[in-house]
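Just so it is clear, none of the values below were taken in a lab; they were calculated from the coordinates. All values derive from a computational prediction rather than experimental measurement. Please note: Cβ atoms are built from the backbone with ideal geometry, for glycine as well, and neighbour counts cover all protein chains shown.
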Amino acid sequence: MASWAEFEAAEPKFAARVRRLMTARKHLTMATIRRDGSPRISGTEVEIVGPDLIIGSPPGALKARDLERDPRVAIHGPTKDPEKSGRWRGEAKIAGRAIRARSKEGVRIFRIDISEVVITRLTPSNDRLVVEAWSPARGYREIEPA
């Protein structure tokens with residue numbers, strides 16, 4: 001696992017692109033694990049505060065209960081349709097563990113310890129998908145699926 005600051009130090013250009021994609025809009029989607037093991041999709045917002053990527057949740061929210069029971073989380077950044085030019089900046093995803101950091105004004109704050117960061121985008125010619133990924137164990141890699 002890595003903090004946002006460790007990810008940013010390891011891959012500054014990739015991290016800057018991920019930051020732009022993850023903060024392009026206010027609302028993102030996150031997946032947590034329900035008590036019965038099935039996935040739950042919820043809305044969330046992210047902030048990068050100092051060295052940390054954080055999310056907040058009302059204390060009684062199901063997503064907060066999910067994270068306190070099982071900290072595994074995946075966050076999907078906002079995406080938008082390609083412009084008339086056909087260009088698509090791609091979409092960013094972050095997976096990891098949500099660690100309860102503190103409470104603030106009735107909100108539970110969770111720090112995300114990162115296990116993987118991904119950008120999915122198209123090649124410059126818009127004819128193939130490209131997956132860029134970083135993890136603390138593997139570092140950065142770029143994959144063009146067949």
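Separation of the range 94-146 from the range 9-64 is 10 Å, based on Cα centroids. Ranked by how many other Cβ atoms sit within 10 Å of their own Cβ, fewest first, the residues Met1, Met22 fall in the order Met1, Met22.
The relative contact order of the chain comes to 22 percent, based on Cα pairs under 8 Å that sit 6 or more residues apart. In the chain, the longest principal axis of the Cα atoms and the axis of helix 12-22 are about 70 degrees apart.
Each helix, a run of at least 4 DSSP H residues, gives -39500 (n - 2.57); summed and divided by the residues of the chain, these come to -5000 deg cm²/dmol at 222 nm. In this structure, Lys26 and Thr123 have a Cβ-Cβ separation that, at R0 = 25 Å, corresponds to a calculated FRET efficiency of about 0.25.
With springs only between Cα atoms under 10 Å, which of Ser125, Ser103, Ser42 fluctuates most in a Gaussian network model of the chain? Checking each option, the largest mean-square fluctuation is seen for Ser125.
Note that the chain shows a convex hull volume over its alpha carbon atoms of 121 Å³ per residue.
By the count of other C-beta atoms within 10 Å, a proxy for reagent exposure, Phe110, Phe14 are ordered fewest to most as Phe14, Phe110.
Sparsely packed loop sites in the range 69-146 (the GluC sites (Glu not before Pro) outside DSSP H, G, I, E and B with at most 13 other Cβ atoms within 10 Å) comprise Glu83, Glu105. Loop-located trypsin sites (Lys or Arg not before Pro) across the range 5-68 with a Cβ neighbour count of 11 or fewer within 10 Å are Lys26, Arg35, with loop assigned by DSSP.
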